[in-house]
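Colleague: Attaching a single structure in structure tokens format; questions to follow.
The values are calculated or read from the model by the stated rules, or taken from the named source; none is laboratory data. Given the structure is predicted, the values throughout are model-derived calculations rather than measurements. Methodologically, a virtual Cβ is constructed for each residue, glycine included, from the backbone with ideal geometry; neighbour enumeration extends over all protein chains shown.
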Amino acid sequence: MYRILIVDDEALVRRGIKKSINWNELDIEMVAEAENGVEALEQVLENVPDIILLDICMPKMDGLEFASIIKQKYPQIRIVIITGFDDFEYARSALRAGVDDYILKPITREMVEVVVKKQIEKLTEAREKSVPAKPDEGKAAASVLNAVLRRDTRAQQELSAFLDYAQIEDKNIYFIIMKDYLSRCEIWADAADDHLAGFAVLNIAGELLRDTHTGFAFETYRNELGMVVSCPSRHRLEELLTDIYHNILDFIEIPVDFAVSEEGTLAELPKLAGQAREALECTFVLSKQNIIHYGDLKAHSNTDFRYPEQTERELLTVMYSNEAEKSSALIEEFFAQLRQVTPDVTRCKSMLLRLLLSISNTMESMSSRLHTEGERPGTPFDPVKVLEQFETLEQAEEWVKKLYGETLAYVSSMKSRSGQLFLKITQYIEKNYGDSDLNLKKCSEDLFLSSGYISMILKKESGKTFVDYLNEFRIERAAELLEEPESKVYEVAMKVGFTHQTYFSSVFKKLIGLSPKQFKEQK
């Protein structure tokens, strides 16, 4: 029995093909559908079909691109394209790319039956030439390996069956865990099932391992993407993993990292798996290394490393400035120092959390010094939750840079705004200084700004309190008026907003160094 997949963006066309033909008579057991290339790719990965009927013009991924991808990884699948006369030259290009046949629109039941029968004949011929596979052997091999990983001693007796299946020897064995970065792959952005992507990764890796008789790929009982590989040398192992990496990236566009154990035997699989898991943890720090060997981690070890407090202090200080380049350089310096803590990832994350907490606290402090009601610098964040989102230290570094960019932009805008508000406040004082009732509360009400915010702006821009700034301005104006020959001290006091001459004289002498009378006599 065979499986067929119908791919067309028009539901009526798919339904028409599906309903008009007696598939059982053609020895077809399953007929699946997809409306575009991306959806079809998911279908292929989940249930590999034998025949694909494919419309050449589709959204998201056109038929030619889809056919090329499928033929690269599944050359045994027979692909038949459906095309109109206008697309005939395009169809010829598809045939040259490896597509097996085509049907011209408008299609009929007879046309579909003829071309499907032709593909079935080709498939049957190919099957007769090949050695039939045992579908349960792969599951059995995975079951044996998982039993060994669980330290089930009874499973040791079944390892010979696994060795026969994988066609490898029980020496130079490595346990490898693959970490996929699904979030970086656009084609999988809308995929509902992450497990499907993992299945695709295992499928591609497993196919290459089988072809080279070097090992077996399977999902572990801990839901890891695992591989048991036998390689005579580290160099050959890295060549193999590089091939697997490029096959996965070329076909499904998902980047992967490999965490590799030391060399051992199948009986040592639990120990090797533990080593691979330790190496996997280090992908957080060593994300730029595609292959991470457990044996190399000691070379990275730095037990004397201390938290970079000086860099942190400079980093927090620069938050108040508008020096974007300096902040970026300090962030890079801080994270470069953090990378020295490998392989202690727990310690590295603890230090990163310390930085995030310091940044959060500094932003809270800035909000009390800079903000207007309801505002704060940067985007509020929970340091613990933010840390949990990072897959790599590289991601964390980019996130901190982005946060600093937002914060410095805020500080810059607040400085500009602060200057504008300072001008507004001082102009108000200059206009109303003669009002004896003028005080901070009245200024606040008239300008629709809080008293605290006015005080903060004046202190920040002039270093003075509201009362000090008002008194200094009043006395400056008073000194100008006292220079006029006919002016009288009590009249000048009232003009500049003082109701009590004694208090006026006291403030005047404090600021000028002379009493109003002495000042006038000197002039």
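Colleague: Give me the pairs: first residue in the stretch 60-82 and within 14 Å of residue 35 (Cα to Cα) and part of a loop (DSSP other than H, G, I, E, B), second residue of a type outside the set (A, V, I, L, M, F, W, C) and modelled with pLDDT of 80 or more, beta-carbon distance under 6 Å, and six or more apart or on different chains, which are they?
Modeller: Here the result reads 60/36; 60/37; 61/37, each pair linking the stretch 60-82 to a residue that is of a type outside the set (A, V, I, L, M, F, W, C) and modelled with pLDDT of 80 or more.
Colleague: Please go through the stretch 213-238 and give me each residue that is hydroxyl-bearing (Ser, Thr, Tyr) and surrounded by 15 or more Cβ atoms within 10 Å (Cβ to Cβ), ordered by number.
Modeller: 214, 220, 230
Colleague: One residue is enough: does the stretch 404-414 have a residue meeting the conditions surrounded by fewer than 16 Cβ atoms within 10 Å (Cβ to Cβ), within 22 Å of the chain's Cα centre (by Cα), in the same structural domain as residue 336 (by TED's automatic domain parsing) and not β-branched (Val, Ile, Thr)?
Modeller: Yes, that holds for at least one residue.
Colleague: Here is a further query. State which residue is farthest from residue 269 (Cα to Cα) when the search covers only the stretch 223-238 and only residues that are of a type in the set (D, E, K, R) and touching a residue at least 24 places away in the same chain (Cβ under 8 Å).
Modeller: Looking at the filtered set, the residue picked out is 238.
Colleague: Being assigned to a helix (DSSP H, G or I) and under 47 Å from the mean Cα position of the chain (by Cα), is that true of even one residue in the stretch 461-476?
Modeller: yes
Matching residues to (1) in contact with a Gly (Cβ under 6 Å, 6 or more places away or on another chain); (2) modelled with pLDDT of 85 or more; (3) assigned to a loop (DSSP other than H, G, I, E, B):
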{"site": "110", "(1), (2), (3)": "no, yes, no"}
{"site": "120", "(1), (2), (3)": "no, yes, no"}
{"site": "142", "(1), (2), (3)": "no, yes, no"}
{"site": "146", "(1), (2), (3)": "no, yes, no"}
{"site": "151", "(1), (2), (3)": "no, no, yes"}
{"site": "160", "(1), (2), (3)": "no, no, no"}
{"site": "163", "(1), (2), (3)": "no, no, no"}
{"site": "176", "(1), (2), (3)": "no, yes, no"}
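Colleague: Being in a helix (DSSP H, G or I), under 24 Å from residue 428 (Cα atoms) and of a type in the set (Ser, Thr, Tyr) is the filter here; which residues of the stretch 477-515 pass it?
Modeller: 503 - this is the single residue of the stretch 477-515 that is in a helix (DSSP H, G or I), under 24 Å from residue 428 (Cα atoms) and of a type in the set (Ser, Thr, Tyr).
Quick grid of which residues meet (1) within 23 Å of the chain's Cα centre (by Cα); (2) within 29 Å of residue 418 (Cα to Cα); (3) at pLDDT below 85; (4) not hydroxyl-bearing (Ser, Thr, Tyr):
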residue: 303; (1), (2), (3), (4): no, no, yes, no
residue: 306; (1), (2), (3), (4): no, no, yes, yes
residue: 310; (1), (2), (3), (4): no, no, no, yes
residue: 321; (1), (2), (3), (4): no, yes, yes, no
residue: 324; (1), (2), (3), (4): yes, yes, yes, yes
residue: 328; (1), (2), (3), (4): yes, yes, no, no
residue: 332; (1), (2), (3), (4): yes, no, no, yes
residue: 339; (1), (2), (3), (4): yes, no, yes, yes
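Colleague: If a residue has to be farther than 19 Å from residue 73 by Cα, under 24 Å from the mean Cα position of the chain (by Cα) and among the aliphatic types (A, V, I, L, M) to count, how many in the stretch 223-271 make the cut?
Modeller: Within the stretch 223-271, residues that are farther than 19 Å from residue 73 by Cα, under 24 Å from the mean Cα position of the chain (by Cα) and among the aliphatic types (A, V, I, L, M) number 2.
Colleague: Quick check on my filter: what residues within the stretch 445-457 are within 17 Å of residue 365 (Cα to Cα) and either more than 43 Å from the chain's Cα centre (by Cα) or in contact (Cβ under 8 Å) with a residue 60 or more places away in the chain (or both)?
Modeller: Result: 453, 456.
Colleague: Is the stretch 428-438 home to any residue that is of a type in the set (A, V, I, L, M, F, W, C) and without any contact (Cβ under 8 Å) to a residue 12 or more places away in the chain?
Modeller: no
Colleague: Something else about it: What residue, of 460, 442, 488, is closer than 22 Å to residue 418 by Cβ and free of Cβ contacts under 8 Å to residues at least 24 places away in the same chain?
Modeller: Within the list 460, 442, 488, the selection yields 442.
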